Amino acid sequence: MATQLKPPSQGLLDRTGPADAGFISGWAFDVYWKDLQPTPDKLVLDVIHEQLKQARMRGNKSLKIRLRCAQWTPPWVLDAAGRFKLLLKDSPTSPPQEVTVGKWWTRPYKDAYQHLLNLLAQQHHCDDEPLIRSVVASMCTALSYPETYLRHTGDSPENGQRLLDAGFSVPADLDAHIFQAMAHKRAFQHTRCSIAFNPYQAVQPDGTTRQDLCTTLEQLTHLRQLLGDQLIIENYSLRDQGTSHDPLSADYEALWHAMKNAGPPIGFQTAATKEKLGDPVTVMRLADSLGANHVELLVGYESMDGMDWAHWNTVFQHNPTGAWEEQQPSWV
């Protein structure tokens, strides 16, 4: 129910962890599954406890837990669900290296992910912690960053065939996306679920991929219906379209407007570098026009001269957050 939810993060967020700038309202931080849950019934919460300590020291900043699965899946999950190798580039110029990942579309993997969330929410009281506003859904991550609609054939064209050889299929993948969202809904009563949407990289029978925005938009609409305001609809590619050379720019514009039409809460992460970002004022205005409640800034934002970040923090703090505003719960 919407009235049971903690408020979403609002304002400007640091994407890498604790930040001292006064205009930062909170931050996202990484938690690696294999470190968090080394055995099925044990969670190691040192990272989360330290982040809570840092948030309280800085005036009760809001927190987003970014679960990292993929190549950080615990060995005991890989043993149950099966493992295979994909090729990952550490940088655009480096050769791809093999990494081991789990079969996230299988029942054992799903069950393990649900168990993780249940432990995190209930036995370890993360759901009752006011500063933890959302947990990023990441079960369906293929490689590295939790953008679960990407299949990383850009790292290597071999990855599509490697997925197929491991038993992957598009229907199973899309079903897994629904499961991952519902797993958060089942585990958490008060904490939001953040999902990053991208044009879906649909693996074809020959191992190639096809950019499929329509499937992403169908999933976005369906997941909003299933989770309501508990879902924070996110995208991690916000940039100045006037200077972007991304061939998918039109698809991203369509995705952003679909996010706006789906309604808040909405979150963005900017492009990672100043060169990809373009004009920062244009990007902040774009985020505001799309109804963003929070924006994770690029690394190095502190050194960007002439930016009134405090102004934009206030702007995003005042954007509507959905039905939560109609009857504020006891979290505030």
| message | I'd like the full set of residues that are within 20 Å of Lys34 (Cβ to Cβ) and in a loop (DSSP other than H, G, I, E, B), limited to the range 124-146. | response | His124, Ala137, Ser138, Met139, Cys140, Thr141, Ala142, Leu143, Ser144, Tyr145, Pro146
| So which residues in the range 28-50 are touching a residue at least 40 places away in the same chain (Cβ under 8 Å) and in contact with a strand residue (DSSP E or B) (Cβ under 6 Å, 6 or more places away or on another chain)? | Ala28, Tyr32
| Matching strands (runs of 3 or more DSSP E) fully within the range 205-271 where at least 1 residues are over 17 Å from Phe316 (Cα atoms) and of a type outside the set (A, V, I, L, M) | 209-212, 231-238
| Restricting attention to the range 270-285, does a residue exist that is charged (D, E, K, R) and buried (at least 21 other Cβ atoms within 10 Å of the Cβ)? | no
| query | When the range 153-195 is examined, which residues are found to be of a type outside the set (A, V, I, L, M) and within 16 Å of the chain's Cα centre (by Cα)? | reply | His177, Phe179, Gln180, His184, Lys185, Thr191, Arg192, Cys193, Ser194
| Restricted to the range 8-36, and to residues that are acidic (Asp, Glu) and more than 18 Å from the chain's Cα centre (by Cα), which residue is farthest from Val295 (Cα to Cα)? | Asp35
| message | Please determine whether any residue of the range 177-195 is among the small types (Gly, Ala, Ser), buried (at least 18 other Cβ atoms within 10 Å of the Cβ), in contact with a helix residue (DSSP H, G or I) (Cβ under 9 Å, 6 or more places away or on another chain) and in a loop (DSSP other than H, G, I, E, B). | response | no
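Throughout, read-outs are computed from the coordinates displayed, never taken from laboratory work. Computed from a predicted structure; not experimentally measured. A quick note on method: Cβ atoms are made from the backbone with ideal geometry, for glycine too, and the neighbour counts reach across all protein chains shown.
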